[in-house]
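First up is the structure itself, then whatever we jot down about it.
The values are calculated or read from the model by the stated rules, or taken from the named source; none is laboratory data. From a predicted model like this one, the values you see are computed outputs, not experimental measurements. Cβ atoms come from the backbone with ideal geometry, glycine included; neighbour counts cover every protein chain shown. Just the protein is used for accessible areas: all its heavy atoms, side chains included, with ligands, DNA and RNA removed. Shrake-Rupley method; radii C 1.70, N 1.55, O 1.52, S 1.80 Å.
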Amino acid sequence: MTALAPHGIPGHLVGFVEALRARGIPVGPSETVDAGHVLAALDLLDREMVREGLACALLRRPGHRPTYDGLFDLWFPAAVGDRTALDGDVEIPRDADGTVDIDALRRLLADLLAQDTAIADAGTQALAGQLVEQLGQYRSANGPSYSSYQALREVSPETLVAAITAAMLAGVPDPDEFTTEVARRTARQRTAAFRSLVEAETRRRTAERVGKQRVTSYGVPRQADEVDFLRASEAELTQLRRGVHRLARLLASRLAARRRRSRRGEIDLRKTLRASMSTGGVPIDLVTRKPRPGRPELVILCDVSGSVAGFSQFTLLLVSALREQFSRVRIFAFVDSTDEVTHFFDPGADLAAAMGRMMAESALIRYDGHSDYGNAIRTFTENWEHTVSARTSLLVLGDARNNYRDPNLAELAALVDTAKHAYWLNPEQTGQWGTGDSAADAYGRVIEMYECRNAKQLTAVVAGLLPV
C-alpha cells in the first residue's frame, strides 16, 4: 500500500473519492460511507477484492469503470518502490555480460502467457514490474523516469501471438479451425492484458516520483463524454455512439419540461392593466398570452470531412435520435459540395449503418478531407434555399477550416437572416479559431458559434439551443 493520508485509511478513502469526483464520476456521501463499510469488511491484503468491493459501492454506471480502474491503480498500487524479486524464481534472462537477453525474454514471456492463469499469476505481474524497472527506465532533466513504450519496444508482445497460440495448442491432438481461433483470440487478449500490466506499473512508478495528481491528468482514461471528438480513438467513438440514445432521452426530457413551462404563456401587460381597473389599478390577476404550441423545423448543414468525422457522426446520430421533437428534420452533408442525406436517417434505421451508406452512396460528397465551406454554402443556397424559413432552426456543424478558400459570408448571412434561429457548433477549442486555415472568426461574426469539443459540451449546448 502507498503512504496513507494523515487520517489513515478513512482519509485515504476520502482522497480517492475526491479524485473520482474530479474526473466526473458522481460519488455522494452515502456511497462514501458504503465504501468505508466495504473496507472494514474485506481483507485489505487482497487487492482485487478491494477493487471490486469499492467499485460496487462507488460506481453507478459501467462506463465509469475504466476511469475508476486507472485511479484505483494510483491510489491503491500493487507495490511501492522497486519490484526486483520475482515469485517462483522467475527472472529476466541475461547474457554473459549482464545485458538482457531479449530472445530468451520473449520465449519466457510466451511461455508465461500460454498458461491458464497467465495474467493473474504473481510471476507475470512481477515480470511486468521488472520490464519497467530494467528496460523502461530513462534519464530525464528531472531525474529517472519510466516509459511503457520503451519497456515493451524490444519485447513487442503483440508479435508473440503465434508462439502463444502454438504453446496453448501443444497438448490438443489435431485441433480444428474453431479451437485454433479460440486459442488465437485468447492469446491476443493475454498479450493486451500484459501490456496493460506494464502500463499500470509505469504509471505507479511515475506517480511515486511526480505525484498521483500529475499522472492522473494524462495517464487515467477520461469519461467517454469528456473525450475530444477530434482526438478520440475508434474505440472511444464506438463507446460514444453507444451512449447516443441515453443522451437523446435526457435531452428529450429537458425539451418536454421546457415545453410544459412554455404553455403558461408570457404576461400580457395590456390585458393585465385593463383587468386591474376593477381593483383601482392594482394588478392582482395576471393575464397571459395564450401560447401557440408547435414543434419547430430543423435544418442541419454538416461537414463530414475526415478532420471532423467523429464529431459530425456523433452529432448527426444524436440529432437523428431527437427527430421526434421536431415537425421536420432536413439533413445536408458536405465536404466541398452539399447533398441532402435525410433519407439515410429514416426513423427506425440503424444509425451507424446510415453513416456508412451516406458516405458510400452520395454522389456529391467526396470523402477526401478538403473542406470548402464557401462552395458548400453556395450549392446549398442554389438547390435548397427554400428549406430555410422563418420557422426553421439552422444548425451548422464543422470546424470552419476552409483551406484558405472564399468563406462566402454573404450567402451564409442571408440564410441566418431568414432562419428563426441559427447556430454553428465547432469541435475545435476557441483558442484555435481563426488560426491557420480556420475561418471561424469570420463566420463567428455572421452566426452564433459555440465550442463543442466533447459530448459533455455538446449535450449542454444542444440542450440550451434547441427551440421549444
Among (1) touching a helix residue (DSSP H, G or I) at 6+ places or on another chain (Cβ under 9 Å); (2) surrounded by 15 or more Cβ atoms within 10 Å (Cβ to Cβ), there is one condition Glu448 misses while meeting the rest; what is its number? (2)
Single residue of the stretch 56-66 satisfying the filter (at pLDDT 90 or above and part of a helix (DSSP H, G or I)) that is least open to solvent (accessible area, probe 1.4 Å): Leu58
Given the condition in contact with a Pro (Cβ under 9 Å, 6 or more places away or on another chain) and in a helix (DSSP H, G or I), answer yes or no: does some residue in the stretch 378-388 qualify? no
Looking at Ala187, Ala162, can you tell me which residue is open to solvent by 50 Å² or more (accessible area, probe 1.4 Å), more than 30 Å from Trp75 (Cβ to Cβ) and assigned to a helix (DSSP H, G or I)? Ala162
For the stretch 173-211, which residues satisfy the criterion of being in contact with a helix residue (DSSP H, G or I) (Cβ under 7 Å, 6 or more places away or on another chain), farther than 20 Å from Ala128 by Cβ and among the charged types (D, E, K, R)? Arg184
Output for Cβ contacts, cut-off 7 Å, separation at least six or different chains, first residue over 16 Å from Glu411 (Cα atoms) in the stretch 386-398, second charged (D, E, K, R) and open to solvent by less than 10 Å² (accessible area, probe 1.4 Å), reads Leu397/Asp303; Gly398/Asp303
Looking for whichever is more than 21 Å from Arg241 (Cβ to Cβ), crowded, with 23+ Cβ neighbours inside 10 Å, among the hydroxyl-bearing types (Ser, Thr, Tyr) and in contact with a strand residue (DSSP E or B) (Cβ under 9 Å, 6 or more places away or on another chain) here; the options are Tyr443, Tyr423. Which one fits? Tyr443
Check whether at least one residue in the stretch 137-152 is closer than 30 Å to Thr315 by Cα, aliphatic (A, V, I, L, M) and outside any strand (DSSP E or B), and report yes or no. no
Mind checking which pairs have a first residue in the stretch 23-47 that is farther than 25 Å from Val80 by Cβ and a second that is at pLDDT 90 or above and part of a loop (DSSP other than H, G, I, E, B), Cβ under 8 Å, 6 or more apart or different chains? Ile25/Leu59
Long-range neighbours under 6 Å by Cβ, at least six apart or interchain, first residue over 13 Å from Glu297 (Cα atoms) within the stretch 320-336, second at pLDDT 80 or above and open to solvent by 20 Å² or more (accessible area, probe 1.4 Å): Phe332/Glu340; Asp336/Asp372; Asp336/Asn375
Per-region count, the stretch 331-372, residues among the basic types (Lys, Arg) and either open to solvent by less than 10 Å² (accessible area, probe 1.4 Å) or modelled with pLDDT of 75 or more (or both): 1
From the option list Leu394, Leu412, single residue qualifying as outside any helix (DSSP H, G or I) and over 22 Å from the mean Cα position of the chain (by Cα) is Leu394
Spot the failing condition for Arg204; the list is (1) open to solvent by less than 40 Å² (accessible area, probe 1.4 Å); (2) modelled with pLDDT under 80; (3) within 30 Å of Ala110 (Cα to Cα), and only one is missed. (2)
Which ones in the stretch 171-184 are open to solvent by 70 Å² or more (accessible area, probe 1.4 Å) and outside any helix (DSSP H, G or I)? Gly171, Pro173, Asp174, Asp176
What's the number of the only condition in (1) farther than 23 Å from Arg231 by Cα; (2) open to solvent by 50 Å² or more (accessible area, probe 1.4 Å); (3) part of a loop (DSSP other than H, G, I, E, B) that Gly436 fails to meet? (1)
Would you say Tyr149 is surrounded by fewer than 18 Cβ atoms within 10 Å (Cβ to Cβ), modelled with pLDDT of 80 or more and within 30 Å of Arg242 (Cβ to Cβ)? yes
